[in-house]
1. Would you mind getting me the FRET efficiency between residue 144 and residue 60? Use the beta-carbon distance for r and R0 = 25 Å, nearest 0.05.
2. Where the centroid of each part is defined by its Cα atoms, how far is segment 102-165 from segment 64-84 in Å?
3. Modelling each spin label as a point 7 Å along the Cα-to-Cβ direction, I'd like the residue 94/residue 164 distance in nm, to one decimal.
4. Taking a ≥ b ≥ c as the square roots of the eigenvalues of the Cα gyration tensor of segment 65-163, is the shape rounded (a/c under 1.5), prolate (a/b larger than b/c) or oblate?
Amino acid sequence: MTSPFDRRPSGPSSAQQPSGSSPFAGNGPFSSSSFSGEPAAPAPAESSPSPAAAPLKPASGPWLPLIAAVVSAVVGLVCALIAQFSSLTATSTTYATLAGIGWLLCGVFALVLLGIYSIQDNKIRAGSFYVSNPAHSAVRGITLGLAMLGVVLAAVEIALFVSKL
């Protein structure tokens with residue numbers, strides 16, 4: 001009787017396996033004819049040598065937007081300080097103009113430029129071999145502090161001007 005898992009055709013027309021041969025021998029991808037046990041032949045050598053890789057140059061953050069943000073924050077803070085400590089009164093339009101310019105330079109331009117710096121810095125960090133510069137972090141922190149101080153001072157001055165109308 002044959003096994004239900006026997007895949008050999010049964011009957012008088014079926015060829016019997018010779019003794020000593022494996023029932024798993026065949027022409028499949030894992031047959032002994034496809035794997036000879038010998039190492040594969042090496043790949044043919046290329047006719048032209050590959051170009052040498054260029055050495056990586058360390059990159060650091062961009063200075064231009066950072067310097068522009070510092071200049072904007074300093075000029076805005078100076079405008080706010082001039083309005084506060086000059087002989088101008090809170091009812092003067094020059095007072096309000098200086099406070100408004102200071103607020104725009106510190107609150108809008110300096111912070112937008114710091115954002116542009118951060119975007120460019122992150123692109124450089126992601127793109128190549130990055131070396132952090134401690135001066136960038138210090139200048140960024142100082143700029144942020146000056147900008148916030150200028151925004152608060154200018155906002156108080158604008159509030160004084162509006163309250164006197």
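1. Values: r = 19 Å, r/R0 = 0.77.
Rounded to the nearest 0.05, the efficiency is 0.85.
2. The two parts, judged by their Cα centres, are 9 Å apart.
3. That separation, rounded to one decimal, is 1.3 nm.
4. Details: a/c = 3.96, a/b = 3.07, b/c = 1.29.
Prolate shape, in that a/c is at least 1.5 and a/b is the bigger ratio.
The numbers here are math on the coordinates, done by the rules we state, and not lab data. Worth saying up front: this structure is predicted, and the values here are computed from it rather than measured. Positions of Cβ are backbone-derived with ideal geometry, glycine not excepted, and every protein chain shown enters the neighbour counts.
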